[in-house]
Amino acid sequence: MSNVEDILLPDIGDFSNVEVIEILVAPGDRVDAEQSLLTLESDKATMEIPAPRAGVVEKLLVEIGDQLNAGDPILSLAASDDREAEVAEPDQATEPEPEPKPEPPKRAHGEAEPRPAPVRPRPEDMAAIARGRKAHASPAVRRFARELGVDLGRVKGSGPKGRITKNDVQGFVKQVLSQGPETGMDSGSAFHLPGAPEVDFSRFGPVETEELPRIKKISGKHLHRCWLTVPHVTQFEEADITELEAFRKGRNADTAKQGVKLTFMPFLLKAVATALDRMPILKASLSADGEQLVMKRYTHIGVAVDTPKGLLVPVVRDVDKKGLTALAAELGELSAKAREGKLLPGDMQGGCFSISSLGSIGGTAFTPIVNAPEVAILGVSRSEMKPVWDGQQFVPRLVLPLSLSYDHRVVDGADGARFTALLRNLLGDIRQLLL
């Protein structure tokens, strides 16, 4: 009778309910002392559990996904010498059968007949053992992959024992993105996010269910795709618009006689158009293969409009070729059509840059999502009177917060900062728009 011992999970410190993510041995395997038996993963660390002594694995007592605590049995292990004795002991109750020719070599008197050693699983047999095994990666790498929406099961590890590293995840993302912005977004994609858990909210109080507006369904999918496929960076800046606002209010009475309300947005459009003409990289687009830039010789700018049914982005064309009054009139018409649900598909196509203004609502800064295939979007928050040092004293100035999000594959950080600085200067002195 062999000496079979259940191996228990040793003290693993201040951890409980630690998940089994890998089983590194199979029944019949001969293991050495300190050889790794399985891998556990907690929220903070990945740890391999070693064998306390040498022996032969008789039976696995855990499966992938089990949650263990110190003292739980993990496998049955037979001592090496006991297993060998058991293998060497002849079966007294069974009459030995004659060996086929050729006859085996003669043995000394009393020597036991050896039995074949346990057969280890062949590589093709290991599939059944490995089925359900999780990717071999540290918690930090798993967290990094989750943030990017990467399925680690599709990433090949380059670390020891096939462990997946952060560089492996980054290389996989680059490979997928190089196949085009639409690649990886279908149901069979390597990119995915875990589904939201089903929650019965009625357990906590009265609820109602409303259908998500169609516009939000469509724009939601587009924004989700943009967020996953565009590496976002947001640059923040402030512009002094004291003189600009004074000029606008002074001209508003004259434009009102023409039936046009002169808001701040036409001035912002002209400033953005001028900045884009000086830095055209901000209105370029990346080709589908990610190898070329499409440089646009036009300046069409989308302006986000808040409607009862959701966010719409009509496009104002040839902003650089129109005056303030014409822009104000066109903006008024497009905004009215958006709120009335009368925008045509062509009214929302062809933009090379977008502006999202929350100034009438509030906020100090935000991170707008790039409207791909555009490479940049400007967010505008509410202007505020602030004390500004003029070299001799603090004076009240009207300050406008700006938030520029851009695609870091196309726009470098230095260019993002230059663009917002240029925009700050243009808004600070609108006479520069004439230069």
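The values are calculated or read from the model by the stated rules, or taken from the named source; none is laboratory data. This is a predicted model, so every value here is computed, not measured. Virtual Cβ from ideal backbone geometry, glycine too; neighbours counted across all protein chains shown.
Given the structure, is Thr367 at pLDDT 90 or above, closer than 18 Å to Thr234 by Cβ and of a type in the set (Val, Ile, Thr)?
So Thr367 passes the test.
In the stretch 34-78, what residues are closer than 11 Å to Val20 by Cα and of a type in the set (Val, Ile, Thr)?
If the condition is that a residue be closer than 11 Å to Val20 by Cα and of a type in the set (Val, Ile, Thr), then Thr39, Thr46, Ile49, Val62, Ile64, Ile74 are the ones that fit.
So, in the stretch 418-435, exactly how many residues are out of contact with any Leu (no Cβ under 9 Å at 6 or more places or on another chain), at pLDDT 95 or above and not basic (Lys, Arg)?
Total meeting the criteria: 3.
Please count how many residues of the stretch 237-288 are within 26 Å of Asp412 (Cα to Cα) and among the aliphatic types (A, V, I, L, M).
Here the count works out to 14.
Inside the stretch 305-410, counting only strands (runs of 3 or more DSSP E) that do not spill past its ends, which hold 3 or more residues that are over 29 Å from the mean Cα position of the chain (by Cα)?
In the stretch 305-410, 384-389, 394-407 are the strands (runs of 3 or more DSSP E) which contain 3 or more residues that are over 29 Å from the mean Cα position of the chain (by Cα).
Looking at Leu311, Leu276, which one is surrounded by 20 or more Cβ atoms within 10 Å (Cβ to Cβ), in the same structural domain as Val375 (by TED's automatic domain parsing) and not acidic (Asp, Glu)?
Exactly one residue qualifies, and that residue is Leu276.
Yes/no matrix, rows are residues, columns are (1) modelled with pLDDT under 90; (2) out of contact with any Lys or Arg (no Cβ under 7 Å at 6 or more places or on another chain):
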site: Leu286; (1), (2): no, no
site: Ala326; (1), (2): no, yes
site: Glu330; (1), (2): no, yes
site: Ala336; (1), (2): no, yes
site: Ser354; (1), (2): no, yes
site: Gly359; (1), (2): yes, no
site: Gly363; (1), (2): yes, no
site: Pro373; (1), (2): no, yes
site: Ser381; (1), (2): no, yes
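Of the residues Leu282, Leu268, Leu262, Leu228, which is assigned by TED's automatic domain parsing to the domain that holds Ala328 and part of a loop (DSSP other than H, G, I, E, B)?
One residue alone meets the criteria, Leu262.
Out of Lys283, Lys249, Lys296, I need the residue that is of a type in the set (D, E, K, R) and surrounded by 20 or more Cβ atoms within 10 Å (Cβ to Cβ). Which one?
Lys283
Checking Thr255 against (1) at pLDDT 95 or above; (2) part of a helix (DSSP H, G or I), only one condition comes out false. Which one?
Thr255 satisfies every listed condition except (1).
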